[in-house]
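See structure below.
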Amino acid sequence: MASPAGVSAPRSAASSSKTETFVDNKRKDDIRMANIAAAQAVANAVRTSLGPKGMDKMISTANGEVIITNDGATILNKMEVLQPAAKFLVELSKSQDVVAGDGTTTVVVIAGALLKQCLSLLSAGIHPTVVSDSLHKASTKAVEVLTAMALPVELTDRDSLVKSASTALNSKVVSQYSTLLAPLAVDSVLSVVDPEKPEIVDLRDIKIVKKLGGTVDDTELVKGLVFDKKVSHASGGLTRVEKAKIGVIQFQISPPKTDIEQSIVVSDYTQMDRILKEERNYILGMIKKIKATGCNVLLIQKSILRDAVTELSLHYLSKAKILVIKDVERDEIEFITKTLNCLPIANIDHFRAEKLGHADLVEEISLGDGGKIVKITGIQDIGRTTSVLVRGSNQLVLDEAERSLHDALCVVRCLVNKRFLIAGGGAPEIELSRQLGAWAKVLQGMEGYCVRSFAEALEVIPYTLAENAGLNPIAIVTELRNRHAQGEINTGINVRKGQITNILEENVVQPLLVSTSAITLATECVRMILKIDDIVTVR
């Protein structure tokens with residue numbers, strides 16, 4: 001009875017609009033397919049850069065600048081993605097960067113694999129909502145499985161922290177320096193952890209100063225402050241001060257200007273002399289007030305209104321034996337005052353001794369290649385901040401070193417937030433795939449079918465790892481499954497040796513947070529793409 005009605009419906013739709021039953025589903029399917037295809041294309045673009053043997057991408061921007069990077073978030077950030085669904089994946093890697101800092105490529109690759117499985121499920125005629133719901137179930141189950149196989153870690157166990165940081169650095173361009181950068185990242189994060197709030201690490205308390213020249217080997221951790229500037233050398237100014245009293249000022253040491261554009265016409269010489277004399281006295285008066293507090297190092301904030309310092313004031317300051325660092329950026333002031341444990345001074349009348357910071361040594365250090373930096377060390381009552389001076393032979397290496405260091409810092413931060421470690425090298429993904437596959441057999445109906453295909457999708461990570469390392473992916477993944485079925489949970493791909501080993505013994509570990517957030521974020525993103533059935537452009 002139903003079939004003739006179905007056939008006659010389109011014909012009667014034209015004649016009587018009351019009994020309209022025919023719905024065109026073709027277009028909605030097409031839009032879904034287009035969205036999934038676009039998102040997959042983005043995922044495939046970064047797939048080759050996954051893992052320690054992954055390839056690097058060279059990004060050439062519109063203004064002719066070249067970036068070489070291995071970081072998924074950076075690659076996707078710089079890509080001009082036009083398709084709205086593909087933009088989801090860019091946002092996805094950004095959010096993984098915010099949550100965990102590492103695993104930005106992983107999360108996109110997982111999303112791409114899940115979408116591929118969704119395509120086959122949808123073409124088998126399963127409703128998108130069913131697929132989406134079972135995805136959600138599978139992801140909650142996956143997080144439980146991961147948490148069950150994680151190992152707790154203590155912050156006092158420095159070796160484990162260094163291992164996880166160096167795992168994060170191994171897939172980067174600067175991987176050969178991981179023995180230097182990993183301990184550096186761990187020390188800098190541990191030095192800014194506040195004992196009162198042990199779970200929270202604010203990465204803004206770690207300032208990374210980049211200075212061109214030298215090699216990445218010269219990168220160092222500085223307990224104190226580093227400025228990528230010279231000391232002002234007007235008329236033989238000082239370059240080294242011991243027992244420094246440091247003032248951070250936000251006013252200008254220069255003759256005052258009128259607030260509105262005015263010109264003062266001076267007719268004879270005596271008046272001109274008087275103006276110059278007044279200026280001189282004005283500046284001298286300021287410097288006397290500064291000198292009276294015993295201050296001998298000045299950090300002067302950049303000024304928009306007028307010159308922060310003039311030749312004249314620099315000359316007087318050097319006569320008063322005060323070392324001057326000018327053009328301190330506005331947004332650095334907060335970091336500086338936190339480190340020096342002093343207060344910024346906004347007006348000359350508020351210049352008092354108790355607002356100054358104290359340090360054992362402020363000196364200008366010339367680096368081997370002509371560049372100069374200013375270091376402030378031995379600060380009394382130092383705030384919980386730290387500075388890292390990153391060096392590199394060219395701008396590309398320097399930028400990449402900074403990005404990699406940031407990833408390593410984020411990994412240590414994850415471990416401070418959630419103190420669990422998990423094996424790397426594709427081990428957790430295969431284990432998830434195995435356990436979800438077993439769980440799928442228990443579930444009834446469509447759900448079991450969907451969960452099984454998601455379990456298959458997770459195998460993309462070990463598959464890609466093996467593929468990027470030039471191994472035989474099918475043989476490797478099959479052998480991995482076999483080992484995991486025998487109960488060896490921590491077996492993974494050892495890319496360096498090109499075989500399957502116990503990954504924990506090889507010190508390839510990552511924070512639990514990286515894996516769990518990668519899976520939850522990827523599933524959220526895929527569910528969002530599945531739920532979209534139409535794109536409406538609004539002009």
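The values are calculated or read from the model by the stated rules, or taken from the named source; none is laboratory data. Just so it is clear, the structure is predicted and the values come from calculations on it, not from any experiment. Here the Cβ is made from the backbone with ideal geometry for all residues, glycine too, and neighbour counts use every protein chain on show. For the accessible areas, the whole protein counts, side chains as well, though only heavy atoms, and no ligand, DNA or RNA atoms are used. Shrake-Rupley method; radii C 1.70, N 1.55, O 1.52, S 1.80 Å.
Some points to look at:
- With the simple spin-label model, which puts each label point 7 Å out from Cα in the Cβ direction, the K441 to D307 separation comes to 8.3 nm.
- A full extension of the chain between K197 and T179 corresponds to an added length of 3.6 nm, given 0.36 nm per residue minus the alpha carbon distance.
- The chain - percent relative contact order, Cα under 8 Å, separation 6 or more: 24
- Positive minus negative residues near K137 (Lys, Arg vs Asp, Glu; Cβ under 13 Å): 0
- Within region 115-245, all pairs of alpha-carbon atoms sorted by distance into 10 Å bins from zero give the percentages 9, 22, 23, 19, 15, 7, 4, 2, 0.
- Residue-averaged [θ]222 nm for the chain, counting only DSSP H segments that reach four residues, each worth -39500 (n - 2.57): -16000 deg cm²/dmol
- Set against the 2.2 N^0.38 Å expectation for a compact globular protein, region 487-539 has a Cα radius of gyration ratio of 1.90.
- Taking label positions 7 Å along the Cα-Cβ direction at both M528 and D331, the computed distance is 2.5 nm, reported to one decimal.
- In this structure, Y282 and L212 have a Cβ-Cβ separation that, at R0 = 45 Å, corresponds to a calculated FRET efficiency of about 0.70.
- Spatial separation of Cα centroids for region 97-159 and region 413-482, in angstrom: 9
- Taking only the Cα atoms of region 46-148, the radius of gyration and Dmax are 16.0, 49 Å.
- The slack in the chain from M55 to T537, taken as 0.36 nm per residue of separation less the alpha-carbon distance, amounts to 169.8 nm.
- In loop segments of region 235-328 as defined by DSSP, the GluC sites (Glu not before Pro) with at most 14 further C-beta atoms inside 10 Å of their C-beta are E261.
- Take the Cα of D381, step 7 Å toward its Cβ, do the same at T270, and the gap between the two points is 5.4 nm.
- The mean sequence separation of alpha-carbon pairs under 8 Å and at least six residues apart, normalised by the residue count of region 118-213, gives a relative contact order of 14 percent.
- Counting Lys and Arg as +1 and Asp and Glu as -1 over every other residue whose Cβ lies under 10 Å from the Cβ of L480, the net charge comes to -2.
- With protein chains left intact and a 1.4 Å probe, residues in the chain average 49 Å² of accessible area per residue.
- With Cα atoms, 0 to 90° folded angle of helix 26-47 axis to the chain main axis: 50
- Counting only alpha carbon atoms, the long axis of helix 395-417 and the longest principal axis of the chain meet at about 70°.
- Within the accessible surface of region 491-539, defined with a 1.4 Å probe on protein heavy atoms only, the carbon and sulfur portion equals 50 percent.
- Taking each of K53/K207; K243/K319; K245/K326; K207/K338 in turn, the alpha-carbon distance tops 20 angstrom for K53/K207.
- Pairs of alpha carbons in the chain whose separation is greater than 32 Å (percent): 57
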